[in-house]
1. Out of all the residues in the stretch 177-188, is one or more more than 16 Å from the ligand (Cβ to nearest atom), surrounded by 21 or more Cβ atoms within 10 Å (Cβ to Cβ) and over 26 Å from L431 (Cα atoms)?
2. Does S158 meet the test of being away from the ligand (no atom under 16 Å from the Cβ) and outside the structural domain of V295 (by TED's automatic domain parsing)?
3. Residues being under 17 Å from G7 (Cα atoms) and more than 6 Å from the ligand (Cβ to nearest atom): count how many of those fall in the stretch 47-64.
4. Within the stretch 359-379, is even one residue in contact with a helix residue (DSSP H, G or I) (Cβ under 7 Å, 6 or more places away or on another chain) and in a helix (DSSP H, G or I)?
5. Within the stretch 244-255, is even one residue closer than 30 Å to N109 by Cβ and surrounded by 20 or more Cβ atoms within 10 Å (Cβ to Cβ)?
6. Within the stretch 97-116, can you find the residues that are touching a residue at least 24 places away in the same chain (Cβ under 8 Å) and over 21 Å from N363 (Cβ atoms)?
7. I'm trying to understand the selection: among the residues of the stretch 224-265, which are modelled with pLDDT of 90 or more and either outside the structural domain of H209 (by TED's automatic domain parsing) or among the charged types (D, E, K, R) (or both)?
Amino acid sequence: MVIGRSGYKFQNWAESFGSSPELYFQPTCVEEIKEILDLARQRSKRVKVVGGGHSPSDIACTDDYMIRMDKMNRVLKVDKEKKQVTVEGGILLSELNEELEKCGLALINLGAVSEVAAGGVIGTGTHNTGINHGILATQVVSLQLMTASGEILECSESTNPEIFQAAQLHLGCLGVILSVTLQCRSAFHLQDVQYGAKLHEVLNDLDTHLKSSEYFRLYWFPHTEYVGLSLQDPTDKPLASTANWFRDVVLGHYLLEFLLWMSTIISGIVPWINRFYFWVIFGRKTVRIDVSHKVFNFDCKFKQYVQDWAIPIEKTKEALLLLKSWLEKNPHVGAHFPVEVRFARRDDILLSPCFHQDSCYMNIIMYKPYGKDVPHQAYWSEYESIMRRVGGRPHWAKAHTCTRNDFEKMYPEYNKFSNIREKLDPTGMFLNPYLEKVFN
Ligand SMILES: Cc1cc2nc3c(=O)[nH]c(=O)nc-3n(C[C@H](O)[C@H](O)[C@H](O)COP(=O)(O)OP(=O)(O)OC[C@H]3O[C@@H](n4cnc5c(N)ncnc54)[C@H](O)[C@@H]3O)c2cc1C
């Protein structure tokens, strides 16, 4: 029999949200998950499943029952011919990367970190970049879902196709993702070429840049005219590192945290910090070649606040220039670097921010040096207002102030998702305060 533990305190990675679940479970098999759901039903408790706990919002919080999936982390099947892998929902992508490498396979695309679980990554619409690549949920071939009643549903484009279209980006509100089959590709080395450029030159020729590399992104340094470009492409060349301990660790981590902390006392130095770091990071062209997941992932430094909306790709220039111009008119606002700009191909997943829309994701960040809170509300609300004006949709894992009214307008298939959710979970077992704002 599965035993729930009391007294557990949940905190997300950024330590920006947490909760105190009444009972905390770490099931090791499907039967134990069913037992937990049965118990929750009998006692009218809500249930929240948690993967890596990396979402920078309260989407994974609950004060009722929490199920952590870290003991359901096995690779169930590898189909080398189809280049597909079936895994349990709790496997961390860092564990999966290693297993795939042994089989000569790799994930097609990855976000900045791999300490996140398969079920969690698809649940919030995690994305990376590449105009011909969709968000990570588009790599899902099929999945297995346990609903509130304890029933297990197989879902794919041919079996329960409508539920599949919803469950690919499930928000944790349709049930427990037991397993996922992911489309992979042959293992590959990735070359990352980085160099600096002028913002207006890049924006004026964005189409060419977008086509210049399979995984293209740019980093704008707020309060400056500068961007760093990153062109990542598969290559047959051998590994080549540009790691520089002084630049990456001493300047890029320790000094940066200290300077950002100083900026909370001496206001007005943020633009200088940004200029200095543009020079440190993009002052000269660098080329690095490594195993794909090591290049996709990067050091996210320290605790932070983030917002990340997807906007129609043709609005990229307008949105960035609006944000730049607002910062110029409000010099008292210090915006940390970088604003990371990534791209993703349209899809037809019901609640995907890229639903029927090639998109640009514009991620803004404010670090918490040594855990200290930094004022960010004015920057946050102006960013959000610009994102709304240009037809954006917020990243589901990250901070936003949207509610049901907004989502109904943003998502043409909102009602279809909502009906599927109500059918699979009529009592709202998988809801929490975050999801109530989305559905109630
Ligand atoms: C340092 C850092 C870097 C990041 N980089 C990126 C990035 O590059 N791109 C990007 O798009 N996002 C990024 N994110 C956000 C991150 O990818 C998402 O928050 C993702 O959902 C985290 O996965 P997780 O396993 O930690 O999910 P959790 O936060 O644990 O859960 C997310 C949601 O999924 C549900 N869930 C989890 N597992 C299951 C399951 N098995 N069954 C049912 N529901 C489940 C939870 O209930 C919750 O609703 C980053 C976050 C951090 C902290």
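The values are calculated or read from the model by the stated rules, or taken from the named source; none is laboratory data. It should be emphasised that the depicted structure is a prediction, and the values quoted were computed from it without experimental measurement. Note that we place each Cβ from the backbone using ideal geometry, even for glycine, and neighbour counts take in every protein chain shown.
1. Looking for residues that are more than 16 Å from the ligand (Cβ to nearest atom), surrounded by 21 or more Cβ atoms within 10 Å (Cβ to Cβ) and over 26 Å from L431 (Cα atoms), one finds at least one in the stretch 177-188, hence yes.
2. Criteria met by S158.
3. Residues flagged as under 17 Å from G7 (Cα atoms) and more than 6 Å from the ligand (Cβ to nearest atom) within the stretch 47-64 amount to 5.
4. yes
5. no
6. Residues satisfying the conditions are N97, E99, L100, E101, C103, G104, L105, A106.
7. E225, D233, D236, K237, E257
One line per residue, one yes/no per condition, for (1) more than 8 Å from the ligand (Cβ to nearest atom); (2) outside any loop (DSSP other than H, G, I, E, B):
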position: K82; (1), (2): yes, no
position: V87; (1), (2): yes, yes
position: G90; (1), (2): no, no
position: L96; (1), (2): yes, yes
position: S114; (1), (2): yes, no
position: G120; (1), (2): no, yes
position: T126; (1), (2): no, no
position: T129; (1), (2): yes, no
position: H133; (1), (2): yes, no
